[in-house]
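The values are calculated or read from the model by the stated rules, or taken from the named source; none is laboratory data. Predicted model, so just to flag it, every value in this text is computed and none were measured. Cβ: placed from backbone, ideal geometry, glycine included. Neighbour counts: every protein chain shown. To get the accessible areas, we keep the full protein, side chains included, count just its heavy atoms, and leave off ligands, DNA and RNA. Shrake-Rupley method; radii C 1.70, N 1.55, O 1.52, S 1.80 Å.
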Amino acid sequence: MSARAKQSAKLRYLCLLGLFIAIELMMKLTGLGSVPVGPLVMSFLTVPIAVGAILLGPLAGAIMGATFGIASLIDAIQGVSLMTNAFFAVNPASTVVLCVGTRTLMGACVGWIYKALDKVDRTNVVKYFVSALSAALLNTIFFMGYIVLFFYQTDFVQNLAATKGAVNPLMFIILVVGVQGLIEAIACTIVGGGVAKGVDLALNRKKAK
């Protein structure tokens, strides 16, 4: 690849990354990406993260995830999220890892999953939708898993578990996530996978001309 082609590829990478970050922030600031449901928030902010990780790779996915996480941390500090605000009062450092670390890891993992699927997916379709699905699933698994590991004994979680009738951590996760987790997964799979595939095809056609 020539120096000019490398510079052009780098510029396109940065432009797309900036665009996806802007979309992420716009969805967050306008409320389009978050719907409060009980103690949690039904989040569709994993959709642009999935698209960015699929098209640009694990590093971009991690940056996108960190953007989502920092916004969530701000919500925790300001009290917008009752759950994470309660966690922040108990252990600020662990709350930073919960909000930012888990989302950063999720974004990177989506990029790695897509790279692995890209080598074996002969349909050239499945890789987009499975990778998009992984964004929603990993976000839930990492976030709720961290809560169970580090915050399960807090008063907030124990009171919530008692209210929900959860007798163990696994039941707690299932009862708290519930239908909202399924909706998030479906939305991220369909929208994220479809957009990623469409944009990827458009970019490949442009490169081929």
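Select, from 151, 172, 129, 156, the only residue that is within 15 Å of the chain's Cα centre (by Cα) and modelled with pLDDT of 90 or more.
So the residue among 151, 172, 129, 156 that is within 15 Å of the chain's Cα centre (by Cα) and modelled with pLDDT of 90 or more is 129.
Restricted to segment 47-83, and to residues that are at pLDDT below 95 and either among the hydroxyl-bearing types (Ser, Thr, Tyr) or in contact with a strand residue (DSSP E or B) (Cβ under 7 Å, 6 or more places away or on another chain) (or both), which residue is least open to solvent (accessible area, probe 1.4 Å)?
If we take residues in segment 47-83 being at pLDDT below 95 and either among the hydroxyl-bearing types (Ser, Thr, Tyr) or in contact with a strand residue (DSSP E or B) (Cβ under 7 Å, 6 or more places away or on another chain) (or both), then 83 is least open to solvent (accessible area, probe 1.4 Å).
Residues 162, 166, 135, 202: which one is out of contact with any Gly (no Cβ under 7 Å at 6 or more places or on another chain) and closer than 22 Å to residue 47 by Cβ?
202
Can you list residue pairs whose Cβ atoms sit under 6 Å apart, with the first residue in segment 150-169 being more than 19 Å from residue 102 (Cβ to Cβ) and the second being part of a helix (DSSP H, G or I) and open to solvent by less than 20 Å² (accessible area, probe 1.4 Å)? Count only pairs 6 or more apart in sequence or on different chains.
Hits for this filter: 161/172; 166/172.
Give the number of residues within segment 150-174 that are assigned to a helix (DSSP H, G or I) and open to solvent by 20 Å² or more (accessible area, probe 1.4 Å).
Of the residues in segment 150-174, 14 are assigned to a helix (DSSP H, G or I) and open to solvent by 20 Å² or more (accessible area, probe 1.4 Å).
Could you list all residues from segment 175-209 that are of a type in the set (Gly, Ala, Ser), under 28 Å from residue 8 (Cα atoms) and under 25 Å from the mean Cα position of the chain (by Cα)?
Listed by number, the residues that qualify are 192, 193, 194, 196, 198, 202.
Considering only residues that are without any contact (Cβ under 8 Å) to a residue 40 or more places away in the chain and not charged (D, E, K, R), which ones fall in segment 191-205?
Of everything in segment 191-205, those that are without any contact (Cβ under 8 Å) to a residue 40 or more places away in the chain and not charged (D, E, K, R) turn out to be 198, 201, 202, 204.
Only one of these conditions is not met by residue 112: (1) in a helix (DSSP H, G or I); (2) more than 12 Å from residue 65 (Cα to Cα); (3) open to solvent by less than 60 Å² (accessible area, probe 1.4 Å). Which number is it?
Every listed condition holds for residue 112 apart from (3).
Of 183, 147, which residue is assigned to a helix (DSSP H, G or I), open to solvent by less than 30 Å² (accessible area, probe 1.4 Å) and in contact (Cβ under 8 Å) with a residue 40 or more places away in the chain?
147
Quickly run through segment 63-89 and pick out the residues that are part of a helix (DSSP H, G or I) and either of a type outside the set (A, V, I, L, M, F, W, C) or in contact with a His (Cβ under 7 Å, 6 or more places away or on another chain) (or both).
Hits for segment 63-89 are 65, 67, 69, 72, 75, 78, 84, 85.
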